[in-house]
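The values are calculated or read from the model by the stated rules, or taken from the named source; none is laboratory data. These numbers were taken from a predicted model, which means no experiment stands behind them. For neighbour counting, all protein chains shown are included, and Cβ atoms are generated from backbone atoms with ideal geometry for every residue, glycine included.
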Amino acid sequence: MNAGFAACLVLFAVFAVFGVLFAVLKEKGVKLVSGFNSLSKDEQEKYDKARIVRDMRNQCFIWSCIMFIGAVLSFFLTPYLAIPAIAVWLILFLKQVHFDVHKAFDKYLK
């Protein structure tokens with residue numbers, strides 16, 4: 001087993017588990033979203049929690065698909081194909097990173 005396959009497989013499992021957690025917990029899953037708990041209760045009520053959780057669920061499933069494809073390609077073709085899979089995930093992940101909590105959740109205002 002090569003390292004690229006193992007890395008992609010582990011990340012696939014982690015993202016799939018989080019995607020399932022968000023799907024099962026629904027609005028209660030908003031507690032798992034980074035930065036949302038730092039808002040006051042009054043501010044939290046201004047945001048559409050169901051939409052936040054739905055978007056996080058979809059992101060986790062997309063990330064898990066990317067990692068699964070990277071694992072399969074690195075297993076059957078070459079271990080180096082895990083690198084583009086991780087690079088694609090990193091680009092998608094960094095597009096979602098915000099250092100300002102309010103800016104991160106602006107699109108979810110009710």
The condition of being touching an Asp or Glu at 6+ places or on another chain (Cβ under 9 Å) and of a type outside the set (A, V, I, L, M) holds, among K49, K41, K28, only for K49
Looking at (1) modelled with pLDDT of 95 or more; (2) touching a helix residue (DSSP H, G or I) at 6+ places or on another chain (Cβ under 9 Å), which is the only condition L39 fails?
(1)
Among helices (runs of 4 or more DSSP H) lying entirely in segment 26-110, which contain 2 or more residues that are within 14 Å of F5 (Cα to Cα)?
49-76, 82-95
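If you check I52 against the conditions, is it in contact (Cβ under 8 Å) with a residue 12 or more places away in the chain, β-branched (V, I, T), under 20 Å from Y108 (Cα atoms) and in contact with a helix residue (DSSP H, G or I) (Cβ under 6 Å, 6 or more places away or on another chain)?
Answer is yes for this residue.
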Qualifying position, being out of contact with any Lys or Arg (no Cβ under 6 Å at 6 or more places or on another chain) and crowded, with 16+ Cβ neighbours inside 10 Å, among F76, F61:
F61
Out of everything in segment 4-24 that is at pLDDT 95 or above and over 13 Å from the mean Cα position of the chain (by Cα), what residue ends up being surrounded by the most Cβ atoms within 10 Å (Cβ to Cβ)?
C8
